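Please treat every number below as a calculation from the coordinates, not as lab data. For clarity, every value in this text was computed on a predicted model and none was experimentally measured. Here the Cβ positions follow ideal geometry from the backbone for every residue, glycine too, while neighbour counts run over all protein chains shown.
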């Protein structure tokens, strides 16, 4: 299957950064097979924001895990940055995650014994790279210069999530997946985090996949995909 997509803000047709073609993922509950995802097909181009919406348990997080290369499909194709997630070697997936994929979580998942600066630098350090200028730039962009030496326990929820956004972008990923990034934030802080994600993904031409229950987040997307019972319905 050949897939092409018009990039957000672009006049040309280009290959997608993310492409799912009839992707499926199942697991077993005892002897019962549960189809968490079934026949899921969509693409995301560089610079595009796609929102996944639907009730809890509909398969949003499973879809994010496939795109983030932390899980493999049982059926169909999931291709991220040209790599087939189902057939790639594990070391290829590790490299893909470290260099091409950023992740933002509802629960922040910051390392508690590291400062803001150290958390933002972590993706680069794990890949054996150092770029203090990049870290400083991102901390400034998320408005946390005055907090760079503080630990997560000393930050507000919004400050922790802004740190997580900076960390997700530190290694200049091509794809960012965000799982309910406003779920633990008040409405004003959540709107600020959404605006920040939107601004940074446009500047860096990042393909952003967002799973959310938040109507504001869905309204900010270029496209909204609705899931129910593991299938795309709208």
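What the table shows:
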quantity	calculated
Most to least packed among 18-28, 146-156 [average Cβ atoms within 10 Å]	18-28, 146-156
Degrees between helix 187-204 axis and first principal axis of the chain (Cα, 0 to 90, nearest 10)	80 degrees
Rg ratio (alpha-carbon, reference 2.2 N^0.38 Å) - segment 27-90	1.20
Estimated FRET transfer efficiency when R0 is 45 angstrom, pair residue 84-residue 199 (beta carbons, to 0.05)	0.90
Distance between modelled label sites at residue 15 and residue 41, nm, 7 Å Cα→Cβ extension	2.0 nm
DSSP beta bridges in the chain [antiparallel fraction, %, rounded to 5]	55 percent
FRET E, pair residue 131, residue 233, Förster distance 41 Å, beta-carbon r, rounded to 0.05	0.45
In range of the label at residue 111: residues from segment 167-192 whose backbone nitrogen is under 18 Å from the point 7 Å along Cα→Cβ	167-172
